[in-house]
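Enquirer: Here it is: the structure, laid out below.
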Amino acid sequence: MKRGFLVSGPAGHYSLKPDFATQRQIEDHFAALEATEPSRKLKEGLFDLVRNVILFEAENSPGRKFHFRFAMEDTLSFKDLDPKTQARLKELYVDYFFRRQDDFWMQEALQKLPALKRVTNMLVCGEDLGLVPPCVPELMKQLGLLSLEIQRMPKEMHREFSRPSDAPYLSVVTPSTHDMSTIRGWWEEDPGLTQKFYRQELRQTGAVPAHCEPAINQAVVLQHLASPAMWSIFQLQDLLGMDTQLRRPDASAERINVPANPKNYWRYRMHLTLEQLLQAGNFNPWLNQLIRQNGR
């Protein structure tokens with residue numbers, strides 16, 4: 001089997017054949033085959049081999065200059081190294097992404113972002129999530145850009161959740177985005193995590209519901225509506241999740257996009273028409289009241 005995809009080399013080493021050197025090539029190959037469990041496992045195994053790189057050699061550097069792979073700690077090659085080598089690589093990784101290039105990112109931003117602001121009268125919001133250079137928070141404050149605050153993606157180290165009540169005025173708060181599960185979907189993904197959320201953020205006791213009941217969904221929405229942030233925005237699914245009659249029966253069907261899954265790009269379709277929403281005689285006035293009560 002391996003002869004179909006790998007080329008043997010010296011000292012028992014193997015390399016991928018040119019026709020299977022990228023994930024796209026592998027995906028195209030298996031798309032033409034019958035979808036079976038063995039073929040799925042083989043495809044995932046080849047994907048792992050392609051991803052299993054810590055450093056990329058720079059062009060025309062004959063083995064002297066390299067770039068780090070993003071998220072190198074997830075590779076099998078890194079996990080197989082001794083702790084001392086891992087620690088040293090981590091130091092170099094942090095220096096490469098978050099120290100050495102910080103001034104570069106700052107100068108690039110100061111060239112482009114003011115120009116962007118000059119050509120529009122719209123407010124500009126920066127998606128300052130995940131791994132961002134240290135210069136970003138001060139730069140956004142200096143330029144008056146709104147930050148994006150997502151409750152389950154805290155920006156402070158060692159915190160599991162951020163709090164909408166702590167969001168700065170120049171920010172946008174939202175419980176979920178198109179690239180994430182909705183409130184209901186997230187509730188069912190990791191029971192241990194939602195148990196902590198139930199206790200710490202919702203201040204509830206007793207047994208934790210296995211599913212996100214309308215009252216829980218509503219509590220999360222209200223946290224965001226009451227936030228001091230300039231903007232509080234929601235996916236429609238998260239608003240409908242507060243109403244048993246309007247939300248979908250299956251929470252997993254609410255998600256719009258799964259970035260890591262090429263077969264689940266923007267597959268969501270609204271299950272109600274505008275006419276049906278307009279006829280929601282109890283829900284619409286109630287939601288309008290919540291919005292007005294919170295000054296939105």
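The values are calculated or read from the model by the stated rules, or taken from the named source; none is laboratory data. Note that this is a predicted model, so its numbers are computed, not measured. All Cβ positions, glycine included, derive from the backbone under ideal geometry; neighbour counts span all protein chains shown. Heavy atoms of the whole protein, side chains included, go into the accessibility calculation; ligands, DNA and RNA do not. Shrake-Rupley method; radii C 1.70, N 1.55, O 1.52, S 1.80 Å.
Enquirer: At a 10 angstrom cut-off on C-beta neighbours, averaged per residue, how do the peptides 18-25, 170-177 rank from highest to lowest? It would help to have the intermediate numbers written out before the result.
Expert: On the way: 18-25: 12.9, 170-177: 21.2.
Highest mean packing first, the order is 170-177, 18-25.
Enquirer: Now for a separate question. Say R0 is 35 Å: what FRET efficiency, to the nearest 0.05, do Val50 and Gln289 get from their beta-carbon distance? Walk me through the numbers before you get to the answer.
Expert: Numbers: r = 53 Å, r/R0 = 1.52.
The value I calculate is 0.05.
Enquirer: Please list, ordered by chain and number, the residues whose modelled amide H lies under 5 Å from the amide H of Ser171; skip anything fewer than 5 residues away on the same chain.
Expert: Ser147, Met230, Trp231
Enquirer: Among Tyr96, Met157, Leu193, pick out the residue whose Cα is farthest towards the positive end of the charge dipole of the chain, where Lys and Arg carry +1 and Asp and Glu carry -1 on C-beta, about the Cα centre.
Expert: The one lying farthest along the dipole's positive direction is Tyr96.
Enquirer: Follow-up. Give the angle, between 0 and 90 degrees and rounded to the nearest 10, that separates the Cα long axis of helix 83-98 from the longest principal axis of the Cα atoms of the chain.
Expert: Computed tilt is about 60 degrees.
Enquirer: Only Lys, Arg, Asp and Glu count, each charged at its Cβ (+1, +1, -1, -1), so figure out the dipole size of segment 172-294 about its Cα centre, rounded to 20 debye. The partial results should precede the final answer.
Expert: Values: 11 positive and 11 negative charges, 14 e Å.
Using only the charged Cβ atoms, the result is roughly 60 debye.
Enquirer: Grab the Cα-Cα distance for Gln86 and His67, subtract it from 0.36 nm times how many residues apart they are, and report the gain in nm with one decimal.
Expert: 5.2 nm
Enquirer: Let me ask something additional. Quick check: the distance between the Cα centres of segment 219-285 and segment 81-106, to the nearest angstrom?
Expert: For segment 219-285 versus segment 81-106, the Cα centre distance is 40 Å.
Enquirer: Compute the distance in nm between two label points, each set 7 Å from the Cα along the Cα-to-Cβ direction, one at Ala35 and one at Arg163.
Expert: Between Ala35 and Arg163, the label points sit 4.5 nm apart.
Enquirer: At 222 nm, what helix-only mean residue ellipticity would the chain give, in deg cm²/dmol to the nearest 500, using -39500 (n - 2.57) for each DSSP H run of four or more? Present the calculation step by step, with values, prior to reporting the outcome.
Expert: On the way: 12 runs with 119 residues, N = 296.
Calculated at 222 nm, the ellipticity per residue is -12000 deg cm²/dmol.
Enquirer: Counting only C-alpha contacts under 8 Å and six or more residues apart, can you give the relative contact order of the chain as a whole percent?
Expert: Answer for the chain is 10 percent.
Enquirer: When the label point is put 7 Å from the Cα of Lys2 along its Cα-to-beta-carbon vector, which residues of segment 70-87 have a backbone N closer than 17 Å?
Expert: Correct set: 76-77.
Enquirer: So, for segment 53-192, what is the accessible surface per residue at a probe of 1.4 Å, expressed in square angstrom?
Expert: Details: 9100 Å² over 140 residues.
Accessible area per residue, segment 53-192: 65 Å².
Enquirer: Ok, one more. Can you tell me the orientation of helix 214-225 relative to the chain, as the angle in degrees between its alpha-carbon axis and the longest Cα principal axis, to the nearest 10?
Expert: Once rounded, one gets 90 degrees.
Enquirer: Further, regarding this structure: For Rg and Dmax of the Cα atoms in Å, pick the label among [x] 23.9, 73; [y] 18.5, 62; [z] 19.1, 68 that corresponds to the value derived from the coordinates.
Expert: Read-out taken from this structure: [x].
Enquirer: If you put +1 on each Lys and Arg Cβ and -1 on each Asp and Glu Cβ, how big is the dipole of the chain around its Cα centre, in Debye rounded to 20?
Expert: Numbers: 37 positive and 36 negative charges, 43 e Å.
Taking the Cα centre of the chain as origin, the dipole is about 200 debye.
Enquirer: Say the cut-off is 19 Å between C-alpha atoms; which of Lys155/Lys263; Lys2/Lys263; Lys41/Lys90; Lys84/Lys155; Lys17/Lys43; Lys90/Lys112 go over it?
Expert: Values: Lys155/Lys263 30 Å; Lys2/Lys263 27 Å; Lys41/Lys90 31 Å; Lys84/Lys155 29 Å; Lys17/Lys43 14 Å; Lys90/Lys112 31 Å.
Pairs exceeding the cut-off: Lys155/Lys263; Lys2/Lys263; Lys41/Lys90; Lys84/Lys155; Lys90/Lys112.
Enquirer: Find, among the GluC sites (Glu not before Pro) in segment 146-235, those assigned to loop by DSSP (not H, G, I, E, B) with at most 10 other beta-carbon atoms within 10 angstrom. Spell out each step's value before the answer.
Expert: On the way: sites: Glu149, Glu156, Glu160, Glu188, Glu189, Glu201; in loops: Glu156, Glu160, Glu201.
Sites meeting the loop and neighbour criteria: Glu156.
Enquirer: Take Glu127, project a point 7 Å from its Cα along the Cβ direction, then tell me which residues of segment 136-155 have their backbone nitrogen under 12 Å from it.
Expert: Under cut-off, by backbone N: 148.
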